[in-house]
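Data first, discussion second: the structure below is written as structure tokens.
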Amino acid sequence: MRPGGPGSGRSEARSQRLRITEIFHSLQGEADTAGYPSVFVRLTGCPLRCHYCDTQYAFYGGDWMSLDEVLERVAAYGTRHVCVTGGEPLAQPACIGLLQRLCDAGHSVSLETSGALDIGAVDARVSRVVDIKTPDSGEAARNRLENLPLLRPQDQLKFVIGSRADFDWSRCFVQEHGLHGRCAILFSPSFGRLPAPELAQWILDERLPVRFQLQLHKILWGDVPGR
């Protein structure tokens, strides 16, 4: 079909809409803004199938919303911090526009992404929390290494650790790619799989300059969707 033809208006309208699983208000449980009241915009769909995934309910379904509708829902909470998450939010092209609109509205915006998709087009004002997939996730082959040179000091790399083998792999990954000092590096125990004290002790024993992280929301409310 030619540009500007009968179907172009429908395609453009769809490109400005997002399939949304939920929008809710809670405390941020992870990363640099942990503990802050935040609005979470959870997009539907993900091309990965990590073994430890705790948001499988976001793989399917959801409701189509325009960017204006999302911004209106977010603004109603009166909260500065906004986290765009999934699923894998970057799997929806309109996510890029949403991030820009949220920043333009004066929000402090973070993006939680698997790191399997290109982060280069994300608005520079957004803090990108990139989840490097460890072997226990079953998706380590999906890590997009081209994203690593794009990292800035305000970004964060998250490693979800499920075992000692995961820990050793993550330690070597950080060293091999020279990631120390590039941005914050977060090591988090896989909830229900690895006892948190074990991971904390490994970090201390190895003298690793990484940040140990617990999922605050799960400590407060357990493994409850929408919290």
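So residue 118 passes all but one of these: (1) of a type in the set (D, E, K, R); (2) assigned to a loop (DSSP other than H, G, I, E, B); (3) in contact (Cβ under 8 Å) with a residue 40 or more places away in the chain. Which condition number does it fail?
It fails just one condition, (3).
Look at the range 88-106 and say how many of its residues are surrounded by 15 or more Cβ atoms within 10 Å (Cβ to Cβ) and without any contact (Cβ under 8 Å) to a residue 24 or more places away in the chain.
Qualifying residue count for the region: 2.
Please indicate, with yes or no, whether at least one residue in the range 150-158 is hydrophobic (A, V, I, L, M, F, W, C) and either buried (at least 22 other Cβ atoms within 10 Å of the Cβ) or within 17 Å of residue 92 (Cβ to Cβ) (or both).
yes
Which members of the range 130-149 meet the condition of being assigned to a helix (DSSP H, G or I), surrounded by fewer than 20 Cβ atoms within 10 Å (Cβ to Cβ) and not acidic (Asp, Glu)?
Hits for the range 130-149 are 135, 140, 141, 142, 145, 148, 149.
Would you pick out the residues in the range 41-73 that are out of contact with any helix residue (DSSP H, G or I) (no Cβ under 7 Å at 6 or more places or on another chain), of a type in the set (A, V, I, L, M, F, W, C) and either buried (at least 21 other Cβ atoms within 10 Å of the Cβ) or not in a strand (DSSP E or B) (or both)?
Across the range 41-73, the qualifying residues are 53, 58, 59.
Among the residues of the range 175-188, is there at least one that is among the β-branched types (Val, Ile, Thr), modelled with pLDDT under 95 and within 25 Å of residue 87 (Cα to Cα)?
no
The values are calculated or read from the model by the stated rules, or taken from the named source; none is laboratory data. Values in this document were obtained by computation on a predicted structure and should not be read as measured data. Here Cβ is always computed from backbone atoms with ideal geometry, including for glycine, and neighbour counts include all displayed protein chains.
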